[in-house]
Amino acid sequence: MAVAVASARSDNGDPLYQVTGVDQDTEVGRERMAMLGRGEFPFRTTDPSLVEATSRCHAQGNLTTTTDESAYDEADVVVVDIPLDIPFLDDAPQFDMADFENAFRGVVRRVPAGALILIETTVPPGTCERILMPILIEELDVRGLDKSAIHLAHSYERVMPGENYLHSITHFWRVYAGVTLQAADICKTFLSTIIDVEQYPLTRLSSTTASETAKLMENTYRAANIAFIDEWTKYSEAIGIDLYEVIDAIRVRPTHSNIRFPGVGVGGYCLTKDPAFVPAAARQFFSKPGLDFPFSLLSLKINQAMPLHAVDRLKTLLSGEVKEKNILLLGVSYRQDIGDTRYSPVEQFARELIQAGSRVQAYDPFVSYWPEMDMPLPPAMPPPSSVDAVVFTTPHKELKKLDLVSWLDGCQPVILDTVDVVSKLQREQCRSLGVQIESIGRGDGL
Ligand SMILES: NC(=O)c1ccc[n+]([C@@H]2O[C@H](COP(=O)([O-])OP(=O)(O)OC[C@H]3O[C@@H](n4cnc5c(N)ncnc54)[C@H](O)[C@@H]3O)[C@@H](O)[C@H]2O)c1
C-alpha cells in the first residue's frame, strides 16, 4: 500500500504524496523499514512491477521509512495496516484489542487536525464506531479539538500476493465507508488518486460497520467454499472418480464458476482467522451471544483439519507406515508463487509427519528459511535418491514446469500430489516406470 500510494502521480507526472512507512522499533520492523528505505521491497516477490516501483519511488525521494512515531505529526493521511490477531484455534475466540487500540491512540495523539485515518487492518465489525471513535473523541478532547477534527474511515484491501501484487491494489474494486459523511468523502478522494476508479469504481457503504462486515463476509465465503470441497474430495477418492474432472464440468456454469478445487488445506494470515471474527464481535461488541455462526466456524474447523487427510493418504501410499520414512515436501508457502509461510497448511502436514516419526525435508523456490519450522531450505531441488516419498504441497509454477521423469532419474519414491501440479501424462509416465503416484481429489490410479 505504501508503494501504491507513493506511485500515485498527478496529471503532469509528479508524485502526489510524500509517503513515510512506519513500523515498530522491533527487529522485524527495523529490518523491513531499512530495506524499504533503501528502495528494496522487503519480501521476496514475483511481481517485477512492485520491485521496480519501490526502487523508482525511493529514487524520486517520495518513499521513506522510519520507526519513529513522530512521523504522524505531519501526516495528512494515515493508513493503518497493522495486524490484529484472534486466537482462532479456541472454541470461543476472543479479541484482545489492547495493542490495536494503543497503536490507534498513538496516531490520534499526534496527527494534525484535518487528517484522515484510514483503517485497512481486518478488524471486527463495530471497531471504528464502538472502539476507535470513543478513543478519538477522548484524545481530541484532551487536545482541545472538536470530535470532527480528525476523520476516520475504513476500507479493505483485496490484495493478491503473487505476480500481480501491486496491480491488485491499484486496479481492483474497493469498498469503503466513513464514520461521518465527510470522512467518507475524504476517503473517497484519497482512494481515487491511488486506484483506477474509472475501470474499478469504488463502492461506498453506509457505515464502517457494514464495510468491516463486508471484508469478513467475503473471506468467510471463500473459506466456506474451500471447506465445502473437503467432503467431496474424500468421497471422490473413496469411490474412485476424478473430482477435478467433475469440478471442471461444473465451473462451465457461470453461476458456479468459482467453486474451489481439492487441496492440502487453507493457509495465510486471512482465511485462517477471518471467519472467527464476526462470531466473536457479535458476542464481545454487540452482546449478541445467540449468534453462533455454526456454518462459518465449521468451515474453519474443516479447513484446519484438511492437511490430516493428506497425511492419511500418504500413510496409505507408504503401506500404513510413515515412521522413519524420508519425505520430501515440494512447496511450503500457503499459496503459489509467493514465499509467505504464515499459517501454511504445509506446516501442519509436516508437523503431523514429524510427530509420527518421519524425517521431513522440504524445498520451495521462494523460501530459503522456513521460520515456523525453524528449517533452512536448500537453494535448489534436492535429488530424489534416498527419498521414500515426494509430496507436492504448493502449486508453484516452477514445480508445474518440472520435468518429473528426468528429475526422478530412475528413482522410485511414492508421489502424492496434493495440489494438482502433476499432469495426467506425467502420472501415466511415472506409473509406466513403476512409480506409485496418487493425487488428493482423485481415486487410486487416476
Ligand atoms: N497479507 C495480505 O494479503 C492481506 C490482505 C488483506 C488484508 N490483510 C490484513 O492486513 C493487516 C496486515 O496484514 P499483513 O499481512 O500486512 O501483516 P504483517 O504482519 O505482515 O505486517 C504488519 C506490520 O505491522 C507492523 N506493526 C505492528 N504494530 C505496529 C504499530 N503499532 N505501528 C507500526 N507498525 C506496526 C508489524 O511490525 C508488521 O511489520 C491484517 O489485518 C490482515 O488481515 C492482509
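Derivation of every value follows stated rules applied to the coordinates shown; laboratory data play no part. Predicted model, so just to flag it, every value in this text is computed and none were measured. Positions of Cβ are backbone-derived with ideal geometry, glycine not excepted, and every protein chain shown enters the neighbour counts.
Picking from residues in segment 71-88 that are within 13 Å of the ligand (Cβ to nearest atom) and part of a helix (DSSP H, G or I), the one that is nearest to LEU132 (Cα to Cα) is TYR72.
Here segment 111-123 is the region considered, the condition is being in a loop (DSSP other than H, G, I, E, B) and within 12 Å of the ligand (Cβ to nearest atom), and the residue that is surrounded by the most Cβ atoms within 10 Å (Cβ to Cβ) is VAL123. Out of the residues in segment 331-363 meeting the condition of being more than 12 Å from GLY265 (Cα to Cα) and in contact with a Pro (Cβ under 8 Å, 6 or more places away or on another chain), tell me which one is surrounded by the fewest Cβ atoms within 10 Å (Cβ to Cβ). So the residue we want is GLN361.
For segment 247-257, filtered to residues that are touching a helix residue (DSSP H, G or I) at 6+ places or on another chain (Cβ under 7 Å) and in a helix (DSSP H, G or I), the residue that is farthest from VAL421 (Cα to Cα) is HIS256. As for segment 205-212, it holds at least one residue that is without any contact (Cβ under 8 Å) to a residue 60 or more places away in the chain and in a loop (DSSP other than H, G, I, E, B).
Counting only residues that are away from the ligand (no atom under 16 Å from the Cβ) and free of Cβ contacts under 8 Å to residues at least 40 places away in the same chain, which one in segment 1-47 is nearest to ILE338 (Cα to Cα)? Here the answer is GLY39. Here is the figure for segment 156-175: residues that are within 12 Å of the ligand (Cβ to nearest atom) and in a helix (DSSP H, G or I) total 2. Checked against (1) surrounded by 18 or more Cβ atoms within 10 Å (Cβ to Cβ); (2) in a helix (DSSP H, G or I); (3) not β-branched (Val, Ile, Thr), PRO262 passes all but a single condition, namely (2). Condition check: buried (at least 17 other Cβ atoms within 10 Å of the Cβ) and free of Cβ contacts under 8 Å to residues at least 12 places away in the same chain. Does VAL51 satisfy that? Yes: the conditions hold for VAL51.
Just checking, which of LEU328, LEU314 is in contact with a Pro (Cβ under 8 Å, 6 or more places away or on another chain) and farther than 24 Å from ALA98 by Cβ?
Values: LEU314 fails: in contact with a Pro (Cβ under 8 Å, 6 or more places away or on another chain).
Checking each option against the conditions leaves just LEU328.
Of the helices (runs of 4 or more DSSP H) lying entirely inside segment 331-418, those containing at least 3 residues that are free of Cβ contacts under 8 Å to residues at least 24 places away in the same chain are 345-355. Scanning segment 142-155 for residues that are outside any strand (DSSP E or B) and buried (at least 21 other Cβ atoms within 10 Å of the Cβ) yields a single hit, ILE150. Return the residue satisfying two criteria in turn: it lies in segment 166-190 and is hydrophobic (A, V, I, L, M, F, W, C) and more than 25 Å from ILE338 (Cβ to Cβ), and of such residues it is surrounded by the most Cβ atoms within 10 Å (Cβ to Cβ). Ranking the candidates gives CYS187 first.
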